[in-house]
Amino acid sequence: MIRLFRVFVPVGPLALLSTEILLITSAFVFATYLTLEVDPTVFLLYDGGLVRILVVLASILLGMHFHDLYSKIYVRSRLVLAQQLCLVIGIAFLFQALVGYVNAGLRVPIRVMVVGSFLAAAAIFAWRVFFSAYVLRVVARDRLLLVGASPLLEDIGKHIEEYPETGLQVVGYVGNGEEAGTAMPGGKVLGPIASLREIIQATNPDRIVVGMTERRTRMPVSELLELRFAGHIIEEAASTYEKVCGRVCLKELRPSQLIYSGELGPRRASIFYQTAINLILSAIGVVAATPIMLLTARDVRLTSVGPVLYRQVRVGMDGIPFTLYKFRSMRADAEAETGAVWASKDDPRVTALGRIIRKLRIDEIPQLFNVLKGEMSMVGPRPERPEMVESLSEKIPYYRYRHCVRPGITGWAQVNYKYGDTLEDVIQKLEYDLYYIKNMSLALDSYIIFLTIKATLLSRGSQ
């Protein structure tokens with residue numbers, strides 16, 4: 001795994017993306033030689049042919065991104081893959097029609113488009129099936145030996161087993177209290193701690209991940225130190241969990257990990273640049289979204305009784321409360337009987353129009369004014385209500401530390417996890433929020449905004 005945008009990204013998807021760029025480009029270049037009556041070299045080099053092909057390439061890659069073909073690269077069904085590729089090619093043709101209206105000079109000739117799309121789809125299908133079956137097993141495959149009895153090791157094994165795209169493989173478990181041969185998530189038990197050296201010699205893992213429940217009494221420090229000096233890579237289970245899952249694990253989190261962390265944010269420079277970019281983006285967003293806001297305000301007024309805007313006190317940076325603005329999507333008396341509660345799936349309090357604007361995230365557009373006022377950021381942990389914060393802070397360790405940065409319209413938890421309405425959901429979202437705070441940067445903010453656009457267009461995460 002390599003680190004991009006302050007996030008650990010498996011090498012497999014990056015290798016697949018690079019090769020498919022070459023495949024798609026080659027398919028359309030070859031199509032020009034098959035279909036054009038004029039010299040294809042003239043078309044490609046002097047008539048903007050390469051630029052036109054790049055436009056098609058961009059539309060196909062975006063279509064594949066929106067169909068999760070780079071986040072889930074393992075082929076589980078060839079039929080589903082073929083259907084997805086057909087939809088992607090359909091998107092590329094629609095995009096070409098749009099390009100033709102905007103600038104006909106950027107449109108690929110129809111014969112080249114038809115033949116090139118067929119060749120590209122066939123090449124991608126064959127390559128993905130081969131890549132999933134054979135290449136994915138060897139490309140940057142990290143073999144992990146999980147040592148210890150920490151439950152965190154099983155969580156790592158489950159994640160690797162569920163997402164083969166990570167490029168990781170569990171060699172086995174050592175010293176978890178189970179008998180040798182016992183099946184575990186992603187692998188099996190290989191033996192006790194006493195046999196650690198022999199097991200390492202037999203399996204030759206790329207990384208040794210250590211997770212002990214009783215550090216001082218059970219960790220074989222001298223053996224691990226000798227193994228480290230012998231060239232083996234040894235990691236704490238919490239560190240590996242963070243890389244693999246993209247969140248901080250509260251089960252194993254100790255205050256010392258936060259106090260002595262060299263990466264823990266927020267840093268002054270990051271906050272300064274984030275503030276400047278927030279002002280620019282929110283100002284542009286308010287101007288661009290004004291027609292949508294006017295139409296939404298009119299529709300809210302006409303379809304239900306009550307104010308257009310929903311104002312609610314939320315907890316902001318440093319625990320300071322502020323008034324959050326949203327278009328009202330519920331009945332005006334939604335909490336008259338229940339008080340402060342989380343929204344649930346198919347919430348009966350939501351109006352007919354409210355369901356639409358929630359799916360499209362239009363109800364959150366007025367929060368741009370909160371960003372302009374400096375109360376919120378474009379990216380950050382979602383703000384909660386004071387009564388919720390008080391209750392959750394008593395139940396969940398480290399919950400208040402999410403308020404060391406400005407809350408955001410979107411965030412790392414929002415693009416990685418479903419809408420949370422239980423205590424377990426809140427804990428997992430807090431793990432994502434702490435990961436964001438620890439790795440806060442403009443690169444990570446940009447990556448989150450990129451993923452948010454996809455989630456918004458596909459109506460994911462709304463409720």
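By the rule of a C-alpha distance below 24 Å, with chain neighbours fewer than 8 residues away ignored, the lysines paired with Lys251 are Lys158, Lys188, Lys243, Lys395, Lys418, Lys429, Lys438. Computed over neighbours whose Cβ is under 15 Å from that of Phe43, the net charge equals 0, Lys and Arg +1, Asp and Glu -1.
Using the Cβ-Cβ distance between Val308 and Ile449 with R0 set to 25 Å, the FRET efficiency works out to roughly 0.40. How high is the relative contact order of the chain, given as a whole-number percent (alpha carbon pairs under 8 Å, six or more residues apart)? Relative contact order here is 13 percent. Of all lysines in the structure, the ones whose alpha carbon falls short of 22 Å from that of Lys373, not counting any fewer than 8 places away in one chain, are Lys326. Could you compute the net charge surrounding Asn204? Neighbours are other residues with a C-beta less than 15 Å from the C-beta of Asn204; K and R count +1, D and E count -1. Here the count lands on +1. At full extension, Trp127 and Ala269 could sit 46.7 nm farther apart than now, given 0.36 nm per residue minus the alpha carbon distance.
When a 1.4 Å probe is rolled over the protein heavy atoms, the share of accessible surface on the chain that falls to carbon and sulfur comes to 62 percent. Solvent-accessible surface of the chain, taken per residue with a 1.4 Å probe and all protein chains present: 51 Å². Most tightly packed first, judged by the mean number of other beta-carbon atoms within 10 Å of their residues, the peptides 13-26, 71-84, 233-246, 194-207 read 233-246, 13-26, 194-207, 71-84.
Using C-alpha pairs below 8 Å separated by at least 6 residues, the relative contact order for region 13-172 is 29 percent.
If R0 equals 30 Å, the separation of the Cβ atoms of Leu54 and Val286 corresponds to a calculated FRET efficiency of about 0.35. Computed about the Cα centre, the dipole magnitude for the chain is approximately 820 debye when only Lys and Arg (+1) and Asp and Glu (-1) carry charge, each at its Cβ. Straightening the chain between Cys404 and Glu226 buys 60.0 nm, computed as 0.36 nm per residue apart minus the Cα-Cα spacing. Specify the inter-centroid distance of region 394-409 and region 1-45, based on alpha-carbon positions, in whole Å. Each part reduced to its Cα centre gives a spacing of 43 Å.
Oblate is the label for the chain. Its Cα gyration tensor axes, ordered a ≥ b ≥ c, give a/c of at least 1.5 and b/c at or above a/b. Over all other residues within a Cβ to Cβ distance under 13 Å of Met64, the charged ones net out to +1, with Lys and Arg as +1 and Asp and Glu as -1. Here region 376-406 is scanned for amide nitrogen atoms under 16 Å from the site 7 Å beyond the Cα of Leu279 along Cα-to-Cβ, giving 376-378. The stretch between Ile21 and Thr213, if pulled fully straight at 0.36 nm per residue, gains 64.5 nm over its current Cα-Cα span.
Between Phe118 and Arg254, the FRET efficiency from the beta-carbon distance, with R0 = 35 Å, is close to 0.05.
The values are calculated or read from the model by the stated rules, or taken from the named source; none is laboratory data. In this text, all values refer to a predicted model and were calculated from it rather than measured experimentally. So basically every Cβ, Gly included, is an ideal-geometry build from the backbone, and we count neighbours across all protein chains shown. SASA here: full protein model, heavy atoms, side chains in, ligands and nucleic acids out. Shrake-Rupley method; radii C 1.70, N 1.55, O 1.52, S 1.80 Å.
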